[in-house]
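Structure first, commentary second.
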Amino acid sequence: AGQFNLTVSPRTYQPCCKFRNRFRSVGHLKININKSIDLDELRKRNQGVKKGGFWTPHDCPPRSRVIIIVPHRNRWSHLIQWLAHYHPILQRQKLEYRIVVTEQVQRNLFNKGRLYNAAFLECERAFDFDCVIFHDVDMLLENDHNMYWCYNMTRPRHLSPAVDKFRYQLPYHILVGGVLAMTRHMFKRVNGFSNQFWGWGGEDDDMWGRLVAVNTTVDRPHPTIGRYTMIKHRTRKGERNFMLTYRLVLLATSGSRWSRDGLNDVRDYCKLTQVAHEPLFTHFVFDVGNQP
Ligand code: BGN
């Protein structure tokens with residue numbers, strides 16, 4: 001257990017956690033996407049959650065200390081559904097967690113890599129955690145036995161191999177998009193995400209290249225457990241097609257670029273413009289710079 005610098009090593013959980021969890025996780029969950037959720041009601045239901053979207057179990061040591069980073073843009077309705085869905089699950093899993101929602105000032109193309117990197121660095125400065133989960137805002141977990149933690153120091157876990165949109169099958173072997181968990185140590189080891197992907201898609205495929213470059217890959221839960229419903233929305237064609245060739249070239253060079261492009265140069269592009277400790281999440285807004 002010595003090599004795991006996690007809060008509680010798998011062998012030393014307090015029985016209370018183990019016991020309680022077994023009885024409180026419910027397995028398969030019903031997903032009601034169409035219900036409109038009232039924000040006040042949501043706050044009332046989550047009164048144990050501290051300002052900034054922080055929660056820690058009070059009856060036993062946390063199984064892991066986790067930051068969940070959720071980037072979004074113009075998707076408040078998705079975000080509210082996300083919060084309503086995940087707060088209870090994470091509490092049942094007996095994790096110490098914080099929800100970090102991150103947005104960009106720019107109204108044009110999305111740069112998810114920069115948002116992830118910049119949010120991670122802000123979290124390192126302000127909070128204590130061992131494990132970070134990069135989470136799409138449109139992904140809702142269908143089975144709460146899928147644990148939101150990192151139990152392997154060097155092997156990240158791709159938590160979302162089975163998504164309804166892909167008929168619950170992994171569309172291709174190197175996919176790590178959707179929901180990805182890795183230790184803080186490992187995220188630094190791969191120098192974070194690339195800062196160079198604009199628009200929809202690719203930054204996750206580049207992450208695979210980084211993991212391979214440092215001699216690791218991912219593991220995944222069984223597809224009966226790693227199941228997700230994706231909230232339906234349209235990807236704007238412009239986002240998908242913008243500089244597609246450029247992104248393909250980037251992907252071909254992941255292996256040689258990763259050590260120069262990522263956490264270590266994100267500060268050249270990104271500036272924090274706003275921080276707010278909302279009742280159910282910490283909110284960061286970044287100026288992510290201009291696209292080429
Ligand atoms: C792929 C995307 C991924 C996305 C998956 C699943 C690209 C590469 C362009 C150069 N990759 O096609 O980012 O997670 O689909 O939706 O677009």
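The values are calculated or read from the model by the stated rules, or taken from the named source; none is laboratory data. Note that the structure is a prediction, hence the values are computed from the model and not measured. Ideal geometry is used to build each Cβ from the backbone, glycine not excepted, and the neighbour counts take in all protein chains shown.
Screening segment 157-249 for helices (runs of 4 or more DSSP H) wholly inside it with 2 or more residues that are at pLDDT 95 or above, hydrophobic (A, V, I, L, M, F, W, C) and more than 12 Å from the ligand (Cβ to nearest atom) returns the ranges 184-189, 203-213.
Selection of first residues in segment 194-214 that are over 18 Å from Ala119 (Cβ atoms) and of second residues that are part of a loop (DSSP other than H, G, I, E, B) and polar (S, T, N, Q), restricted to Cβ pairs under 6 Å at least 6 apart or on distinct chains, gives the following pairs, ordered by first then second residue: Trp200/Thr235; Leu211/Thr217.
From the residues in segment 250-272 that are away from the ligand (no atom under 15 Å from the Cβ) and part of a helix (DSSP H, G or I), which one is nearest to the chain's Cα centre (by Cα)? Step through it out loud before you land on a result.
Initially, segment 250-272 is screened for residues away from the ligand (no atom under 15 Å from the Cβ), giving 255-256, 258-272.
Cutting the leftovers down to part of a helix (DSSP H, G or I) gives us 255-256, 266-268.
Numbers: Gly255: 23, Ser256: 25, Val266: 18, Arg267: 21, Asp268: 23 Å.
Across segment 250-272, the extreme among qualifying residues is Val266.
When we screen Ser36, Ser25, Ser9 for residues that are modelled with pLDDT under 90 and loosely packed, with under 13 Cβ neighbours inside 10 Å, the only hit is Ser36. In the set (1) crowded, with 20+ Cβ neighbours inside 10 Å; (2) part of a loop (DSSP other than H, G, I, E, B), the condition left unmet by Lys30 is number (1). Of all residues in segment 241-270, which are surrounded by 13 or more Cβ atoms within 10 Å (Cβ to Cβ) and basic (Lys, Arg)? Within segment 241-270, Arg247, Arg257 meet the criteria.
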